[in-house]
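This report refers to the structure that appears directly beneath it.
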Amino acid sequence: MPTAKVLDLTSKEVSEIELPDTVFGVPLNEPLIHEAVRSFLANRRAGTSATKTRGDVSGSGRKLWKQKGTGRARIASLRSPLWKGGGNAHGPQPRDWSYNLPKKMRKRAMCSAISERLREGNLVIVSEWALEHPKTKEFIGTLGTLKLGGKTLIVDSLKNTKLMLASRNVQTAKVVNSYGVNIYDLVNHQKVVLTPKTVEELIGILQPRAKDDEEADYRARREGDDGSQGRRMPGNRGAAA
C-alpha cells in the first residue's frame, strides 16, 4: 500500500496518508488510457459542422441548354458540384460522434493515470487550501512554495470560494471537485494536487465495487463462452414430423 506525505501551504510535512492499491497502485495501461481519452474527446465534440449539398444551394432548377446538338457537355442544373457556387459533394454533415465506454474501463483508466502521477512524484497532497485572501498573487506564491510548476490540476471543494476566485485567472491551474475529475485533465496536467478529503472521495468513486463484478459476471453468463449472447436457436420448422 503506497503512502504519501501531507503538506501544508508552506510545503512543510504535516503527516502521512496511506493510499489503497486498488486506486493508487494500479499499473500503467497506456492503451486503456488512450482509449479513454479518445472517448472523452469524441463525446465532447459538437458535431455541428455542415456543408450545403446541391439540394440546399439556392438557384434555378432549369436546364441551362438542351441535352444534344450544342457540342458542350450535358448539364442538368446550375446547382451541380461541378459549377462555381454549386453544392458540395460528400461534405461534412451534422452527426453524433459520441460513443459509450464501459464504466469499469473508465474507472480503470483514471486509476492507472492517478497511480502513474504518484509514481512520478507529481501527486501532491495538501492538508487544506486555506488562503487568507482571494488574491491571484497569493495563489501563485503558494504554487511556487509547493514547487508546482507547469499545468496543475487542483481537486478541492467548489465551495472554497477564496481558492476559486484566486485561481480563475491563472491559465496553468484548474480547480475541480472530486466528481469533476476526468481522464483528459489527468493526462493534460503534469501536477495533481489533492486533499485528504478529496482522496477519500476519489477512493469511493474509483474503487472497484462488488456490484460491478456481479454485473460483469452476469453479462458473461448471458453471452456464453461463444459470444452468442444467450440467444435461442430457431427450431427446424420445415422438417417433417
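Details
- Each residue of region 82-96 was assigned a 3J(HN,Hα) from its phi angle through the Karplus curve 6.51 cos²θ - 1.76 cosθ + 1.60 (θ = phi - 60°); the sequence is 6, 9, 5, x, x, x, 9, 8, 6, x, x, 10, x, 7, 9 Hz, with glycine and proline shown as x.
- Anisotropy class of region 27-112 from Cα gyration tensor, a/c 1.5 cut: prolate
- Shape call, region 82-146: gyration tensor on alpha carbons, a/c limit 1.5: oblate
- Counting only protein heavy atoms and a 1.4 Å probe, the chain has 66 square angstrom of accessible area per residue.
- Hydrodynamic radius by Kirkwood, which averages 1/r over all alpha carbon pairs of the chain, in angstrom: 23.1
- Long hydrophobic helices in the chain, taken as whole DSSP H segments with a C-alpha length of 24 Å or more on their own axis and mean Kyte-Doolittle hydropathy at least -0.5, are absent.
- Net charge over other residues, Cβ less than 10 angstrom from the Cβ of VAL176 (K, R count +1; D, E count -1): -1
- Based on C-alpha pairs under 8 angstrom that are at least 6 apart in sequence, the chain has a relative contact order of 21 percent.
- Neighbour-limited loop hits for trypsin sites (Lys or Arg not before Pro), region 1-85 (at most 16 other Cβ within 10 Å; DSSP other than H, G, I, E, B): LYS12, ARG45, LYS52, ARG62, LYS63, LYS66, LYS68, ARG72, ARG74, LYS84
- Per-atom-type breakdown for region 112-171 gives carbon and sulfur 50% of the accessible area (1.4 Å probe, protein chains only).
- Electrostatic bookkeeping for GLN190 treats Lys and Arg as +1 and Asp and Glu as -1; over the other residues with beta carbon under 10 Å from its beta carbon, the sum is +2.
- Remark: for residue pairs LYS107/LYS197; LYS5/LYS174; LYS103/LYS147; LYS103/LYS174; LYS12/LYS104, the C-alpha separation exceeds 31 Å in LYS103/LYS147; LYS12/LYS104.
- Database remark: amide H of SER80 closer than 5 angstrom to the amide H of GLY87 (H placed geometrically; neighbours at sequence offset of 5 or more, or on other chains; Pro and chain starts carry no H).
- Difference of contour (0.36 nm per residue) and Cα-Cα distance, TYR184 to ASP8: 60.6 nm
- Anchor LYS52: lysines whose Cα lies under 21 Å away (excluding residues fewer than 8 positions away in-chain): LYS63, LYS84
- Heavy-atom accessible surface of region 1-72: percent carbon and sulfur, 1.4 Å: 51
- Averaging Cα coordinates gives a centre for region 103-145 and one for region 21-60; these two points are 26 Å apart.
The values are calculated or read from the model by the stated rules, or taken from the named source; none is laboratory data. These figures come from a predicted structure and were not determined experimentally. Cβ atoms come from the backbone with ideal geometry, glycine included; neighbour counts cover every protein chain shown. Side chains included, ligands, DNA and RNA excluded: accessible areas come from the protein's heavy atoms. Shrake-Rupley method; radii C 1.70, N 1.55, O 1.52, S 1.80 Å.
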